[in-house]
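Structure first, then comments.
Taken together, the values in this text are just the output of simple stated rules run on the coordinates, not laboratory data. Since we're looking at a predicted model, the values are computed, not measured. When we count neighbours, we look across all protein chains shown, and the Cβ atoms used for this are built from the backbone with ideal geometry, even at glycine.
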């Protein structure tokens with residue numbers, strides 16, 4: 001195999017997946033404004049209720065905090081629609097926000113008489129909240145490394 005072929009295959013094997021990954025990251029970033037628009041509508045709806053609920057509750061909802069004595073409408077504004085709803089006993093409703101079985105659920109809200117009695121939500125430290133930058137930086141690093149290897153193959157063999 002000649003040097004040109006080696007360089008070609010290095011680029012094809014390594015840089016093609018890196019390019020596809022970068023492209024997907026950019027597309028994901030472009031699709032983001034829709035979520036921001038939905039978030040702006042949510043914020044407007046919460047602030048419209050300020051005279052009824054008070055500023056403290058509105059700020060908690062904007063911060064996605066659920067506290068005892070909140071209504072189902074408030075919980076929907078804070079956490080969105082539940083994935084499932086069940087009634088463990090009469091007069092008690094449990095909203096589940098993850099796919100785990102009810103006894104292992106980590107994200108849930110319990111209502112009694114239409115008011116929150118208990119709420120629990122696990123925190124996620126997803127690196128995707130940083131946007132596409134980690135993917136792009138890693139992709140660029142790999143691209144630079146592979147380019148240096150290819151240059152080394154051409155000039156030092």
What residue among 142, 57, 46 shows peak mean-square fluctuation when the chain is described by a Gaussian network model with Cα springs under 10 Å?
142
The range 67-120, relative contact order in percent, only Cα pairs under 8 angstrom and at least six apart counted:
36 percent
Classify the range 67-120 as rounded, prolate or oblate, taking a ≥ b ≥ c as the square roots of the eigenvalues of its Cα gyration tensor: rounded when a/c is under 1.5, otherwise prolate if a/b is larger than b/c and oblate if not.
oblate
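What percent do you get for the relative contact order of the chain when only Cα pairs under 8 Å and 6+ apart count?
Once normalised by length, the contact order is 27 percent.
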Determine, for 84, 139, the number of other Cβ atoms within 10 Å of each Cβ, and report the residues in order from fewest to most.
84, 139
Please report 23, 11, 111 as a ranked list, fewest other C-beta atoms within 10 angstrom at the top and most at the bottom.
23, 11, 111
Compute the long axis of helix 16-48 from its Cα atoms, compare it with the longest principal axis of the Cα atoms of the chain, and write down the angle in degrees, 0 to 90, nearest 10.
20 degrees
Options (i) 78, 36, 18; (ii) 51, 41, 27; (iii) 55, 36, 25 for Cα extents along the principal axes in Å; the value derived from the coordinates is listed as (i)
